[in-house]
1. Looking at this model, which pairs from A:LYS161/B:LYS103; B:LYS133/B:LYS300; A:LYS72/A:LYS191 are more than 26 angstrom apart at the alpha-carbon?
2. For A:LYS169, which aspartates and glutamates qualify as cross-link partners when the Cα separation must be under 16 Å and same-chain residues fewer than eight apart are set aside?
3. Using only Cα atoms, find the angle between the long axis of helix B:19-29 and the longest principal axis of chain B, and express it within 0 to 90 degrees, rounded to the nearest 10.
4. Using packing as a proxy for protection, rank A:106-117, A:52-63 so that the peptide with the highest average count of other Cβ atoms within 10 Å comes first.
5. If you consider only alpha-carbon coordinates, what radius of gyration and Dmax does the protein assembly as shown have, in Å?
6. Could you put B:THR110, B:THR221, B:THR135 in order, starting from the residue whose Cβ has the fewest other Cβ atoms within 10 Å?
7. For chain A, what is the mean residue ellipticity at 222 nm derived from helices alone (per DSSP H run of n ≥ 4: -39500 (n - 2.57); sum divided by total residues; nearest 500 deg cm²/dmol)?
8. I need the peptides B:17-30, A:31-44 ranked by packing, meaning the mean over residues of other C-beta atoms within 10 angstrom, with the highest value on top.
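Each reported figure results from applying straightforward, stated rules to the coordinates on display, with no laboratory input. Treat the numbers as computed from the prediction; the structure is a model and nothing was measured. Cβ coordinates were reconstructed from backbone atoms using ideal geometry, including for glycine residues, and neighbour counts include every protein chain displayed.
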Amino acid sequence: MSTATLTPANTQIYWDVVTDILSQAITGELVGMSNFATLTGTIDDIHEKMECAEHANCERGHAEGFLHLAKKYNLPVNINMDGYYWKNVRESFVRWANKPDFIGCIIMQEVMLECFAVSMYKDVGTALQNHEIGQLFLSISKEEEEHIEHSIDILKAELDKDYAGFIQKVEDIHNDCMTILAEWSATVDLKGHCGVCRGECMKNSLYAAGLDIKGLRGNSINLYLKTLDRIGIPGLKSIEWIAQLPM
Amino acid sequence: MDSTTSHVEFALIGHQDSWQKISSFVNLLRNNSNDVEIPKEKLAEVYSYFPPRSLFDIEVKSITGRIAKGKYIETFISPDELNLKYWKNNIAKVRDAAECASKLQAGVATLGGFTSIVLEGRVDSLNENSFTKFTTGNTLTAAYIAKSLEKACLFFKKELTEQNLLIIGSTGDIGSACVSYFSGKVKKLLLCARQQNILLHQENKMSENKIDAKASTDVETLLPQADIIIAIASSIIENFNPGLCKQDVIICDAGYPKNLNCKLPGNLHERMFYGGMGIVNGGYNFNPDFHADLYSFPDKKIAHGCVLEAIVLALENKKIAYSTGKGNITPGKMEAIYSMAFKHGITEAPLFNTNGLWN
């Protein structure tokens, strides 16, 4: 939707941006891994428990993949799960896991967080597709997409069981998690520095990699809304939720 | 798109033509939020990323007592994207919106405003193997332009046969329908469009039929000769110079978005009305009621002709793609849909502009 000028790949600003993107991706994957690991403890069914552990391992694998490329290209990534936004995401997830609310956790991890991951990885991967790093982003985006697909049928069934109750739950989690993601992906850091980017906020430098934060965020919201549509959340309701988010 | 499907008689696919309306709508949705209103710049960052979806239910009452139920589907094509630069993206959005109408199992769906322009000539591809029949709604729009223009001539005591009629956007689907309708009814046709080849072909056709017509791609050469103007171009007419118009000209702005964004001087503004509009005498309502924010006119019963075409077809139980392609609208088809609408108390709107209804 929005366009950006692609700076040649050999400039410092380009590699600084790629490094910060990798830092965010690795931190995000580790948060995802931790979330699935926490979720494993809330499930009684052994098959679902094993599947959950497998998902955690899958996120670990993604983080390993990104770390490997960062090392290969000597990119000094900064992994900080205590950075403001990622820490809040993690704490929010743990609150739902402690209830314990398995469905709530699925909504947060496999719909909200994965929609942002799938969409942003796809955009980053497309922008960097001539590079090995871009190819990895694209392939992980595809894998994460499967997590979303996996959740849709489960959540549809939950909606059918308790229509009003389920919608209320999604709204509560949206207010919890999407508010953090909206602050994180706003054009300016609404809550200060993220604690992951090495220098100043990378958003202003994304153009160097042919990206821009408005497009990244817009496409993520688009996928999130489409996913809610597929689950069966009324279209006006989800737009109403998005309208409430900080911009 | 909602996954819950319920049968609706009609669907209206559309877009907003101003940020003011969008701002009003989004801030209405934020009424529970303690935050201040979102400025236009912030809205523009996210609005066009919203996927098409149904926003509200519509209930239309015919004077026969029949009630038709439908839904409005917003494409979220923003007012800044109504141009060729966003063509590919807009087509995708219209197709998604059409899919939404199909999922709702709407009997008939209309492609309102710019959405019909996007798919003009290709609308039939939507209708292939589709339960929902898609219409551009252009035939009833053209009929209402024609009828309201005749009404305006009566209002200003002008004899139609003595007037030079300028049609800006004459080769478009609605523009060419107006050309056909007014051929032989006015003194001279002044034809204006951007594509010279098609325009010359249109002028030659007029000449073959012994119709006095003059064509130009330059609106400024035609404006001084015009007694009546229909503006029905697909976008804002940037080089419309009101200073070149006759003092007693009658202007019908039938574009969506509005074609004449220039500030018309007072005397001309009083002679400009919005064309292609109809009025539902039995009334209609939205649920939730977004009327004031998204669809506000001087009379709450006024609506666009293209929208009303789908509603009329639904009221008539006709699940047909009445208006498709480009250049297929004939005066006969205009009269036919006009008569169908009339049976249900749906007819051309009273003349109005931003100052309100004309008395």
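1. Numbers: A:LYS161/B:LYS103 22 Å; B:LYS133/B:LYS300 28 Å; A:LYS72/A:LYS191 33 Å.
Pairs exceeding the cut-off: B:LYS133/B:LYS300; A:LYS72/A:LYS191.
2. A:ASP101, A:GLU110, A:GLU158, A:ASP160, A:ASP229, A:GLU240
3. Helix B:19-29 sits at roughly 20 degrees to that axis.
4. Details: A:106-117: 25.2, A:52-63: 18.6.
Per-residue Cβ counts within 10 Å, averaged per peptide and sorted highest first, yield A:106-117, A:52-63.
5. When restricted to the Cα atoms of the protein assembly as shown, Rg and Dmax are 27.7, 87 Å.
6. Values: B:THR110 36, B:THR221 13, B:THR135 26.
Ranked by crowding around the Cβ, least crowded first: B:THR221, B:THR135, B:THR110.
7. On the way: 10 runs with 167 residues, N = 247.
Helix-only estimate at 222 nm: -22500 deg cm²/dmol.
8. Details: B:17-30: 17.7, A:31-44: 19.2.
The packing order, highest mean first, is A:31-44, B:17-30.
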